[in-house]
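The structure appears below as structure tokens.
What follows is calculated from the coordinates using simple rules that are stated; it is not laboratory data. A quick note: this is a predicted structure, and the numbers were derived from the prediction, not measured. Heads up, the Cβs are rebuilt from the backbone with ideal geometry, glycines too, and the neighbour counts pull from every protein chain shown.
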């Protein structure tokens with residue numbers, strides 16, 4: 001866990017290197033609906049014994065570095081850590097991806113799309129044991145620049161999948177497929193020129 005925070009802090013520190021490029025940081029609330037088509041039972045049931053969905057909430061901490069500017073769009077590399085809890089279970093997603101922000105000429109709104117992948121770490125409500133599995137996610141949203149250094153992230157909607165901790169991973173009888181993650185976020189983005 002400490003290594004993940006060290007890597008995130010180091011990456012965010014290097015984001016601001018380069019005088020001509022732009023980077024930024026964000027710290028926003030996030031709410032996710034985590035669901036599965038099969039209910040798990042036992043001590044390792046991530047969503048709770050017999051449950052197929054739960055609502056999780058927490059915070060998303062991230063940063064980006066714009067690597068390409070064009071008249072109609074900007075392309076950035078994005079690193080984020082989503083820390084969420086629900087029903088005494090935890091989900092920690094460390095994701096890296098590409099962020100494509102569009103710049104419409106007649107509007108100050110900046111819609112964007114993002115594709116990310118990384119590590120999804122889950123802990124069940126009844127056991128301190130955790131598991132880390134590959135996670136992928138796609139995001140879409142709209143930012144509204146308020147000034148040169150601050151954007152208001154009006155909304156961000158994301159969808160992804162991760163294999164969570166389950167009884168099946170520890171010799172349970174029922175195969176538990178990857179969980180579906182539907183998340184919503186809003187907040188502010190702080191740009192560093």
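Indicate the gyration tensor shape class of region 112-193 (rounded, prolate or oblate), computed on the Cα atoms with a ≥ b ≥ c the square roots of the eigenvalues: a/c under 1.5 is rounded; otherwise a/b larger than b/c is prolate and the rest oblate. Numbers along the way, then the final one.
Values: a/c = 3.41, a/b = 2.76, b/c = 1.24.
Verdict is prolate for region 112-193.
Among 162-168, 151-157, what's the highest-first ranking by average C-beta atoms within 10 angstrom per residue?
Details: 162-168: 22.6, 151-157: 16.1.
Going from most to least packed, we get 162-168, 151-157.
Rounded, prolate or oblate for region 38-193? Axes are the square roots of the Cα gyration tensor eigenvalues, ordered a ≥ b ≥ c, and the cut-off for rounded is a/c under 1.5. Write out the running numbers ahead of the final one.
Numbers: a/c = 2.82, a/b = 2.58, b/c = 1.09.
Prolate, since a/c reaches 1.5 and a/b exceeds b/c.
According to a simple spin-label model (label point 7 Å from Cα along Cα-to-Cβ), what is the distance in nm between residue 146 and residue 41?
5.1
Among 56, 190, which comes first, second and so on when ranked by fewest other beta-carbon atoms within 10 Å? Intermediate values should be presented prior to the final figure.
On the way: 56 21, 190 13.
Placing the least packed residue first, the sequence is 190, 56.
How much length is gained on full extension from residue 113 to residue 161, taking 0.36 nm per residue of separation minus their Cα-Cα distance?
Numbers: separation 48, 0.36 × 48 = 17.28 nm, distance 1.71 nm.
Residue separation times 0.36 nm, minus the Cα-Cα distance, leaves 15.6 nm.
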